[in-house]
Every structure is written in C-alpha cells, then in structure tokens.
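The values are calculated or read from the model by the stated rules, or taken from the named source; none is laboratory data. Because the structure is predicted, anything quoted here is derived from the model rather than measured. Note: ideal-geometry Cβ built from the backbone for every residue, glycine included; neighbour counts use all protein chains shown.
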Amino acid sequence: MKKILVGLLLVLPLTTHAATGVLSDIKITKLITSDERFGGCMAMVDKKIATAVSTCPDQWVTFACDGSFNNSISRAMMKWENAKLAYALGKSVFLRVDGNKTANGYCFADILRLEDQ
C-alpha cells in the first residue's frame, strides 16, 4: 500500500495543471472589442498562452472590460488602454493569465504591464 501511495505522489505533480501563469516579452498582434460573450475586450498575443497555462487553448486573452471576474471596469479599462498603447508602439508586455476564469473559453488576463525595452 505504501508503494502505491508513493507512486501516486510522484505522478500527481506531473498531471496537475497550473491555473495561472505568466508570459513576458510578448507582443499584442490584434485587439477587438466585443459583446459580453468575450468579456467586452480581448487581445491576441504572439505566443501561445498554453506555454504558461495549459488550459488556455489559443493566443487570445480577455481583459473583462464588462466587469466580470470581480474585475472592476476601471481596472479592466487600464489594461485595455495599456494593451492599445503596447500595440500602437510595438512594445512588449507582461501578462498574468488565469485559466480558471474564462469568457467563452478565452482566459482572463488579470495583469498586463508594459515592459522596458
């Protein structure tokens, strides 16, 4: 029985997935505003988000501009404005993405910060 428990403890860390992850040195490639199906505003980045959060299937993140996910609209709009600024200036950004919070399958970015270049 002890051997089975030890075996399970060794395998479990390999099968669990991080709910949140960070991406740095990424560029915003597209921006859209949308209805509530996608949280109101989204950005596409130039790297796969699944490299940081395995449950995030593609390159789009929502900033929840509609105020969902206990995210105030003013906080969401600051992320949205920074995303637009990064896109316009070609600046890299840092994102922290939460795979537990999704809008129609698109993961929520709870932090977006411009990086120094």
Identify the residue in the stretch 87-109 that is among the charged types (D, E, K, R) and in a strand (DSSP E or B) and, among all such residues, is nearest to residue 25 (Cα to Cα).
-> 96
Is one or more of the residues making up the stretch 18-36 of a type in the set (Asp, Glu), surrounded by 14 or more Cβ atoms within 10 Å (Cβ to Cβ) and over 19 Å from residue 94 (Cα atoms)?
-> no
How many residues are assigned to a loop (DSSP other than H, G, I, E, B) and under 16 Å from residue 43 (Cα atoms) if we restrict to the stretch 55-66?
-> 8
In the stretch 95-110, which residues are under 16 Å from residue 40 (Cα atoms) and either out of contact with any Asp or Glu (no Cβ under 6 Å at 6 or more places or on another chain) or surrounded by fewer than 19 Cβ atoms within 10 Å (Cβ to Cβ) (or both)?
-> 101, 102, 103, 104, 105, 106, 107, 109
Residue 45: passes all of (1) of a type outside the set (Phe, Trp, Tyr); (2) at pLDDT below 95; (3) surrounded by 14 or more Cβ atoms within 10 Å (Cβ to Cβ) but (2)
Among residues belonging to the stretch 68-89 that are within 13 Å of residue 101 (Cβ to Cβ) and surrounded by 15 or more Cβ atoms within 10 Å (Cβ to Cβ), point out the one that is modelled with the highest pLDDT.
-> 76
Members of the stretch 36-58 that are under 20 Å from residue 75 (Cβ atoms) and of a type in the set (Asp, Glu) | 36
